[in-house]
Amino acid sequence: MPELPEVETTVAGLRAVLQGSVLTRVEPRRADLRFPIPVDLRQRLTGATVTGLSRRAKYGLVETDRGDMMVFHLGMSGRWRIDPAEIGAHDHLLIETGAGRLLSLNDPRRFGSIDLVRAEDWQAHAPFIRMGPEPLGPDFDSARLAAVLKGKATSIKAALLDQRIVAGLGNIYVCEALNMAGIAPTRAAGKISRPRLALLVDAIRAVLSAAISAGGSTLRDYARPDGELGYFSKQWRVYGREGESCACGGTVARRVDGGRSTFFCPNCQK
Ligand SMILES: [Zn+2]
């Protein structure tokens, strides 16, 4: 499942191809993914020039010189491919540039989404309205985290997955950061000391930054040989490693809440 680092790397790969490019062909190949694809997507994007690409949480943002912004989410299985060798049933949106590059949004499970908003008020749209700060941005620090967690009896893991508290964190990186910070996932969010929250903020930044770095820094790195963007192999500290050794010498355990697995080390996470 694509998490923030995969989206960041995907946006970097798309930027290498799309920034400054004219979109000569925009072809949705079905009416919907998780949500309907705007019926005027083709008309509003064809002939436009891409002026900027960025990321907010796990959303990719593609801005054009017409003041439009395409907002995409990769869902569970979405990926952009550059110059794919062939177009199949799971390629739901094709975009061609004036330079002759072909991009395809491929999403077998169709939990992803494509929307089109006006760039000037994109933050007023549904997923972004009450979204918390970017974990790698300047507004995410231990003072502000302490303020929003104050009095919260919910677990720190659930709190970090709450997009209003911090944006874009998913199960994998929450497990990894809690292990790095030595904090038990079940600990009450409002009962963690400021010094430990500072360690947690550092750990969140560290695990995300390391993953983004692992995604590389050039289009050659971002794109696998088949043109697929944003997916790269990573070494986890605890995620998916039940029964294996933690860095502390303890054994990684797994618990399941609401169908979601939490991996942690009972030895070093308190
Ligand atoms: Zn450990």
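The values are calculated or read from the model by the stated rules, or taken from the named source; none is laboratory data. Everything numeric in this text was worked out from a predicted model, so none of it was measured. Glycine also receives a Cβ, built like all others from the backbone with ideal geometry; neighbour counts cover every protein chain displayed. Only protein heavy atoms, including side chains, enter the accessible area calculation; ligands, DNA and RNA are left aside. Shrake-Rupley method; radii C 1.70, N 1.55, O 1.52, S 1.80 Å.
Structure values in brief
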| quantity | calculated |
| --- | --- |
| Answer from R220, R241, R224 - the residue that is under 19 Å from the mean Cα position of the chain (by Cα) and basic (K, R) | R224 |
| Positions within the stretch 82-104 being touching a residue at least 12 places away in the same chain (Cβ under 8 Å), within 15 Å of E228 (Cα to Cα) and surrounded by fewer than 22 Cβ atoms within 10 Å (Cβ to Cβ), in sequence order | I82, D83, P84, A85, I87, G88, H90, D91, L94, R101, L102 |
| Complete set of residues in the stretch 137-161 that are assigned to a loop (DSSP other than H, G, I, E, B) and surrounded by fewer than 17 Cβ atoms within 10 Å (Cβ to Cβ) | G137, P138, D139, D141, K150, G151, A153, T154 |
| Long-range neighbours under 7 Å by Cβ, at least six apart or interchain, first residue in contact (Cβ under 8 Å) with a residue 12 or more places away in the chain within the stretch 253-270, second away from the ligand (no atom under 14 Å from the Cβ) and not hydroxyl-bearing (S, T, Y) | R260/N171; T262/K157; T262/R255; F263/G240 |
| Matching residues in the stretch 8-36 - criterion: being open to solvent by less than 10 Å² (accessible area, probe 1.4 Å), out of contact with any Lys or Arg (no Cβ under 7 Å at 6 or more places or on another chain) and not in a helix (DSSP H, G or I) | L23 |
| Contacts under 6 angstrom Cβ, first residue in the stretch 188-202 being touching a residue at least 40 places away in the same chain (Cβ under 8 Å), partner hydroxyl-bearing (S, T, Y) and open to solvent by 30 Å² or more (accessible area, probe 1.4 Å), 6 or more apart | A189/T154 |
| Selected residue [part of a loop (DSSP other than H, G, I, E, B) and not small (G, A, S)] from I95, I172, I114, I183 | I183 |
| Matching residues, the stretch 208-257, being away from the ligand (no atom under 15 Å from the Cβ), at pLDDT 85 or above and among the β-branched types (V, I, T) | I212, V256 |
| Residue list for the stretch 193-215, restricted to those being in a loop (DSSP other than H, G, I, E, B) and touching a helix residue (DSSP H, G or I) at 6+ places or on another chain (Cβ under 6 Å) | G215 |
